[in-house]
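A.B. asks: The structure is given below, and queries will be raised subsequently.
The values are calculated or read from the model by the stated rules, or taken from the named source; none is laboratory data. Being a predicted model, the structure only gives us computed values, none of them experimental. Cβ coordinates were reconstructed from backbone atoms using ideal geometry, including for glycine residues, and neighbour counts include every protein chain displayed.
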Number of protein chains: 2
Amino acid sequence: MEKKIAIQGIKGSFHYQVALDYFDEFQSIDECMSFDSLVESILTNKSSHAVMAIENSIVGSIIPNYALIDKNNLKIIGEYYHSVHHNFMSIKGQKIEDILEVHSHPMAILQCKEFFKNYPHIKLVEDKDTAETAKRIHDNQLKGIGAIASKTAAELYDLEILAAEIQTINNNQTRFVIISKNQNKSTNEVNKASLKFELEHKRGSLATVLNVMSDCKLNLTKIQSLPKIETPFQYAFFVDITFDDYKDYEKGKQILEIMTTHFKVLGEYENKNQ
Amino acid sequence: MEKKIAIQGIKGSFHYQVALDYFDEFQSIDECMSFDSLVESILTNKSSHAVMAIENSIVGSIIPNYALIDKNNLKIIGEYYHSVHHNFMSIKGQKIEDILEVHSHPMAILQCKEFFKNYPHIKLVEDKDTAETAKRIHDNQLKGIGAIASKTAAELYDLEILAAEIQTINNNQTRFVIISKNQNKSTNEVNKASLKFELEHKRGSLATVLNVMSDCKLNLTKIQSLPKIETPFQYAFFVDITFDDYKDYEKGKQILEIMTTHFKVLGEYENKNQ
């Protein structure tokens with residue numbers, strides 16, 4: 001199957017790095033400037049797969065992305081944990097003292113806040129994308145303006161790294177999912193699933209469901225409740241589980257389909273690392 | 001006790017509206033331009049209380065704000081659900097066709113995305129604060145630029161509403177918490193608590209904890225797991241519970257303190273509405 005990959009951001013972005021790391025090879029990259037257009041790229045068959053950030057240790061789950069997958073009936077077919085490394089860069093020949101503004105994605109700014117506390121003369125400006133800012137600084141040879149981006153971005157856009165590894169938390173992993181229109185056919189390597197279901201707000205209803213999961217040897221790796229605004233007292237849950245035997249999962253799935261409402265498998269895939 | 005309230009944003013922001021609605025009266029408002037400075041305002045005793053957005057139906061929990069409360073040992077002493085109403089506004093005498101850019105907070109833009117799909121000529125620009133943008137448009141009498149903000153902001157900053165109620169989801173509630181340095185002394189009206197605890201990643205460990213909660217007549221209204229990056233295979237949970245009898249809660253709390261690690265009460269308060 002031809003692999004055409006949609007990423008959020010441009011070449012040099014973290015999504016691009018994950019595409020390079022996850023896929024052995026691919027035919028094309030579609031640079032999307034929003035998660036909406038990323039999904040559009042799959043729905044219109046412009047791309048066969050997309051790389052999408054789904055959670056990190058600072059903001060937790062990126063719920064709007066869960067909603068995009070759910071609403072458009074896309075399937076999670078893989079996941080990838082990427083350690084975030086941020087670098088402070090500018091056009092060549094400048095020092096940190098020369099930089100008056102740093103432009104970057106709000107998340108990157110959040111992740112490097114501590115570093116910039118030491119440089120109160122620098123104004124932090126929120127921007128669309130880490131790599132896109134790096135490219136713009138290069139294209140316009142902007143003086144006095146820095147970017148927070150990856151080493152790959154510094155290389156691609158010929159910028160000088162003024163300070164490397166400026167992220168506050170050193171073990172900050174972002175989890176990305178690989179999404180596609182259809183689920184993988186083979187269940188050979190599947191040992192993880194992302195599920196969504198709803199429960200009535202009755203005392204103990206979630207405990208009962210988790211008991212069943214435990215009985216079926218399913219390990220919970222993530223749980224998140226979301227109140228359903230249209231239907232008060234109805235709760236939706238996003239749950240990730242891992243398992244050793246696909247048969248255990250199949251059994252648990254059958255029971256959950258009966259016990260819960262609006263049960264849906266967002267994806268079955270291989271838990272590679274973490 | 002004198003009530004000095006810190007809010008995120010300026011007068012006319014949603015935080016301001018919640019301060020007006022929640023408190024019968026207050027002596028002063030400290031307009032903070034970030035959640036960090038909001039917390040700073042309490043820590044330095046500049047404010048006695050702060051209003052802080054903690055979750056909404058689009059992004060779910062605002063985890064960085066949970067972290068701020070936790071890290072600084074602040075206490076949740078109340079909560080307030082505020083229905084979000086967004087309005088599209090500009091200086092007087094302009095039509096929607098005249099507006100080329102709309103500036104607002106990323107969350108407000110996200111919540112009104114559907115509306116602006118009908119106006120592809122309008123560029124959506126992310127900005128710091130909904131009300132602050134409205135004020136700037138007024139102060140500089142900016143032509144061709146619109147804001148997404150509350151009716152209060154339109155009144156305060158003398159702007160004309162071009163389209164009212166432009167939010168996509170009509171029943172979109174944001175949950176705000178009221179935070180302070182110390183927990184309320186009286187437990188008379190307390191019927192809700194926000195807890196944080198950690199569990200080892202062992203199959204069934206969460207199910208066991210939820211069983212205890214259910215046995216103690218505690219109703220789960222929210223649950224959220226967060227992997228602890230420093231300690232792999234250790235999971236932190238943020239949980240909200242409601243109860244009819246404070247004694248049931250006290251009993252459950254004692255058991256959870258033994259069953260979990262790093263057990264912490266983020267706040268005990270009255271669940272007023274929703």
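A.B. asks: Where residues in region B:38-65 are within 12 Å of another protein chain (Cβ to nearest Cβ) and among the polar types (S, T, N, Q), which of them is farthest from A:Cys112 (Cα to Cα)?
C.D. replies: Looking at residues that are within 12 Å of another protein chain (Cβ to nearest Cβ) and among the polar types (S, T, N, Q), I get B:Ser57.
A.B. asks: In addition: Among A:Leu226, A:Leu210, A:Leu220, which is assigned to a helix (DSSP H, G or I), within 8 Å of chain B (Cβ to nearest Cβ) and under 27 Å from the mean Cα position of the chain (by Cα)? First the steps, then the outcome.
C.D. replies: Details: A:Leu226 fails: assigned to a helix (DSSP H, G or I); A:Leu220 fails: assigned to a helix (DSSP H, G or I).
A:Leu210 is the lone residue from the list that is assigned to a helix (DSSP H, G or I), within 8 Å of chain B (Cβ to nearest Cβ) and under 27 Å from the mean Cα position of the chain (by Cα).
A.B. asks: Here is a follow-up. Taking A:Lys247, is it surrounded by fewer than 14 Cβ atoms within 10 Å (Cβ to Cβ), more than 27 Å from the chain's Cα centre (by Cα) and either touching a residue at least 12 places away in the same chain (Cβ under 8 Å) or not assigned by TED's automatic domain parsing to the domain that holds A:Thr44 (or both)?
C.D. replies: On the way: surrounded by fewer than 14 Cβ atoms within 10 Å (Cβ to Cβ): yes; more than 27 Å from the chain's Cα centre (by Cα): yes; either touching a residue at least 12 places away in the same chain (Cβ under 8 Å) or not assigned by TED's automatic domain parsing to the domain that holds A:Thr44 (or both): yes.
When the stated conditions are applied, A:Lys247 passes them.
A.B. asks: Which numbered condition trips up A:Leu195, out of (1) in contact with a helix residue (DSSP H, G or I) (Cβ under 8 Å, 6 or more places away or on another chain); (2) more than 17 Å from B:Ile223 (Cα to Cα)?
C.D. replies: Result: A:Leu195 fails condition (2) only.
For (1) closer than 30 Å to B:Ser41 by Cβ; (2) charged (D, E, K, R); (3) touching a helix residue (DSSP H, G or I) at 6+ places or on another chain (Cβ under 8 Å), each residue gets a yes or a no:
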| residue | (1), (2), (3) |
| --- | --- |
| B:Asn140 | yes, no, no |
| B:Thr152 | yes, no, yes |
| B:Phe176 | yes, no, yes |
| B:Lys181 | yes, yes, yes |
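A.B. asks: Take A:Ile161 and tell me if it is buried (at least 20 other Cβ atoms within 10 Å of the Cβ), β-branched (Val, Ile, Thr) and in contact (Cβ under 8 Å) with a residue 12 or more places away in the chain.
C.D. replies: Numbers: buried (at least 20 other Cβ atoms within 10 Å of the Cβ): no; β-branched (Val, Ile, Thr): yes; in contact (Cβ under 8 Å) with a residue 12 or more places away in the chain: yes.
No.
A.B. asks: Let me ask something else about it. Is it the case that B:Lys75 is more than 14 Å from chain A (Cβ to nearest Cβ), crowded, with 16+ Cβ neighbours inside 10 Å, of a type in the set (Lys, Arg) and in contact (Cβ under 8 Å) with a residue 40 or more places away in the chain?
C.D. replies: Here the answer is yes, as B:Lys75 does meet what is asked.
A.B. asks: Condition test on B:Leu68, is it within 14 Å of another protein chain (Cβ to nearest Cβ), on the phi < 0 side of the Ramachandran plot and either more than 23 Å from the chain's Cα centre (by Cα) or in a strand (DSSP E or B) (or both)? Give the derivation first.
C.D. replies: Working: within 14 Å of another protein chain (Cβ to nearest Cβ): yes; on the phi < 0 side of the Ramachandran plot: yes; either more than 23 Å from the chain's Cα centre (by Cα) or in a strand (DSSP E or B) (or both): no.
Judged against the criteria, B:Leu68 is not a match.
A.B. asks: Suppose we filter A:Ile76, A:Ile10 for residues that are part of a loop (DSSP other than H, G, I, E, B), touching a strand residue (DSSP E or B) at 6+ places or on another chain (Cβ under 6 Å) and closer than 29 Å to B:Lys117 by Cβ; which single one remains? Don't jump to the end; show me each part of the working.
C.D. replies: Details: A:Ile76 fails: part of a loop (DSSP other than H, G, I, E, B).
Within the list A:Ile76, A:Ile10, the selection yields A:Ile10.
A.B. asks: Continuing with the same structure: Does at least one position in region A:148-157 carry a residue that is hydroxyl-bearing (Ser, Thr, Tyr), away from chain B (no Cβ under 14 Å), buried (at least 21 other Cβ atoms within 10 Å of the Cβ) and over 22 Å from A:Asn56 (Cα atoms)? Walk me through how you get there before you give the answer.
C.D. replies: Pass one, region A:148-157, residues hydroxyl-bearing (Ser, Thr, Tyr): A:150, A:152, A:157.
Those left that are additionally away from chain B (no Cβ under 14 Å): A:150, A:152, A:157.
Restricting the remaining residues to those that are buried (at least 21 other Cβ atoms within 10 Å of the Cβ) gives A:150, A:157.
The next check asks that each one be over 22 Å from A:Asn56 (Cα atoms); those that pass are A:157.
Yes: one or more hits.
A.B. asks: In region B:84-151, which strands (runs of 3 or more DSSP E) lie fully inside it and hold 1 or more residues that are free of Cβ contacts under 8 Å to residues at least 24 places away in the same chain?
C.D. replies: Here the list reads B:123-126.
A.B. asks: Among what's in region B:171-207 and is at the interface with chain A (Cβ under 8 Å from one of its Cβ atoms) and among the small types (Gly, Ala, Ser), pick the residue that is surrounded by the most Cβ atoms within 10 Å (Cβ to Cβ).
C.D. replies: Restricting attention to region B:171-207, the residues satisfying the condition of being at the interface with chain A (Cβ under 8 Å from one of its Cβ atoms) are B:171-173, B:201, B:203-204, B:206-207.
Then drop every residue that is not among the small types (Gly, Ala, Ser), which leaves B:204, B:207.
Working: B:Gly204: 17, B:Ala207: 19.
Residue satisfying both the conditions and the ranking: B:Ala207.
A.B. asks: Follow-up question, since we're still on this one. Residue by residue through region B:255-274, note down the ones that are under 16 Å from the mean Cα position of the chain (by Cα) and part of a strand (DSSP E or B).
C.D. replies: B:Leu266, B:Gly267, B:Tyr269
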